[in-house]
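Report on the structure given below.
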Amino acid sequence: MAKRYIGIDLGGTSMKLGIVDEKGQLLYKMEEPTLTDEKAESGISRMAKSIRRLADETDTPWEEVGGLGLGLPGFLDIPGGKILRLTNIPWENVSIKEILEEELRVPVAIDNDANVAAMGEAWSGAGASFSDLICVTLGTGVGGGIIVGGQLVHGVSGLAGEIGHIQVVEDGSLCGCGQYGCVETISSATGMVRLVKEAISEGRQTSLAAKKEKLTARDIFEAAKEHDAVAIHVIDEATVALARVLAILSVVNNPEAFIIGGGVSQAGELLFRPLTEAYTRRCLSHASAGVQILPAQLGNDAGIIGAAGLTAKQKMNRRMA
Ligand SMILES: [Zn+2]
């Protein structure tokens, strides 16, 4: 019997739930608000009810559900299925895997949001034809997920893939992690906006000055199309810093492809062309040969699909073993 897998992508504003088939295709999805003052007990019980409702409303027999995966923002004990602390949601030290397995009687797996997005792209998105790849999410921060032989790499404390915190500038800007000069302070949307604001306060001429308070990364790419010198310079700085990180990762992991997602990746060729050029210039030529830098394909669904993949892919590998 064909199995179905449930994926949940929990964020600070919404909880996205979906049912995914054995090939990683999203069949149904729904979205509910995340209540930031809701305690773990009632939040998880609401989550379980929503899962049951999604299955009922889509006529998915519960016996067909092969597992449930969750992508969570924050610090986790991944093998133990435990939330240590979440970002913007007040749940601490909660054995969420145990609670949901008890409640729903299906295998449950958890992982962090950047890793599940990588798993989604690797399963049925831009990375589907590769077994070794690294996904990079360029949004308000820089996230990452590393897949080797089709499996996520976690490392000893689950921090493998936190590539946003590779330092690229000695004594650079303060990062949210407490260190200085991380690539996240330069190549994320927030980092690029910061660099433009710095240029404006140094008195540099730019069309972006008019938008100063509401400036977005999209505005910066738009201004670069109109040959704005500050915008061009900031995009150059952002792509060179990220290229340096990709070059480092190439000699560490030697992946077949880098998949770039998140809001900043919407810039398309304006990002991918200079990034690929800067990467090729900086990377050991044998490590970069044939490596593709590609845009992510699943957009906001990557998290749901990848979360579902946590249990689906585990099962497949066990079956193969
Ligand atoms: Zn950092």
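The values are calculated or read from the model by the stated rules, or taken from the named source; none is laboratory data. In this text, all values refer to a predicted model and were calculated from it rather than measured experimentally. For neighbour counting, all protein chains shown are included, and Cβ atoms are generated from backbone atoms with ideal geometry for every residue, glycine included. Surface accessibility is based on the protein's heavy atoms, side chains included, excluding ligands, DNA and RNA. Shrake-Rupley method; radii C 1.70, N 1.55, O 1.52, S 1.80 Å.
Annotations for the structure displayed:
- For region 160-188, the set of residues classified as on the phi > 0 side of the Ramachandran plot and near the ligand (Cβ under 10 Å from one of its atoms) consists of G178, G181, listed by residue number.
Quick grid of which residues meet (1) more than 22 Å from D77 (Cβ to Cβ); (2) touching a residue at least 12 places away in the same chain (Cβ under 8 Å):
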site: V156; (1), (2): no, no
site: G172; (1), (2): yes, yes
site: C175; (1), (2): yes, no
site: A189; (1), (2): yes, yes
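- Any hit, region 10-21, residues being at pLDDT 95 or above and surrounded by fewer than 18 Cβ atoms within 10 Å (Cβ to Cβ): yes
- The residue list A257, A231, A217, A243 contains one member that is farther than 30 Å from H286 by Cβ and under 19 Å from the mean Cα position of the chain (by Cα), which is A217.
- Among residues of region 146-163, those that are over 26 Å from L195 (Cβ atoms) and either not hydrophobic (A, V, I, L, M, F, W, C) or not assigned by TED's automatic domain parsing to the domain that holds N253 (or both), counted: 7
- From the list A243, A231, the one residue that fits, being buried (at least 20 other Cβ atoms within 10 Å of the Cβ), out of contact with any Ser or Thr (no Cβ under 6 Å at 6 or more places or on another chain), within 20 Å of T137 (Cβ to Cβ) and without any contact (Cβ under 8 Å) to a residue 60 or more places away in the chain, is A243.
- Qualifying residue in region 128-137 (condition: crowded, with 24+ Cβ neighbours inside 10 Å, within 16 Å of the ligand (Cβ to nearest atom) and polar (S, T, N, Q)): yes
- Single residue of region 23-34 satisfying the filter (assigned to a loop (DSSP other than H, G, I, E, B) and open to solvent by 70 Å² or more (accessible area, probe 1.4 Å)) that is nearest to D301 (Cα to Cα): Q25
- In region 41-95, residue least open to solvent (accessible area, probe 1.4 Å) [restricted to those that are aromatic (F, W, Y) and either within 19 Å of K3 (Cα to Cα) or more than 19 Å from the chain's Cα centre (by Cα) (or both)]: W91
- Of the residues contained in region 103-116, none is found to be within 14 Å of the chain's Cα centre (by Cα), assigned to a loop (DSSP other than H, G, I, E, B), closer than 19 Å to V245 by Cβ and not charged (D, E, K, R).
- Failed condition for K211, given (1) away from the ligand (no atom under 16 Å from the Cβ); (2) open to solvent by less than 20 Å² (accessible area, probe 1.4 Å): (2)
- Residue count for region 280-299, restricted to those that are open to solvent by less than 50 Å² (accessible area, probe 1.4 Å), at pLDDT 95 or above and assigned to a helix (DSSP H, G or I): 0
- Among the residues examined, A302 does not qualify as surrounded by 22 or more Cβ atoms within 10 Å (Cβ to Cβ), modelled with pLDDT under 95 and in a helix (DSSP H, G or I).
- Between G191, G203, the distinction of being away from the ligand (no atom under 14 Å from the Cβ) and in the same structural domain as D228 (by TED's automatic domain parsing) belongs to G203 only.
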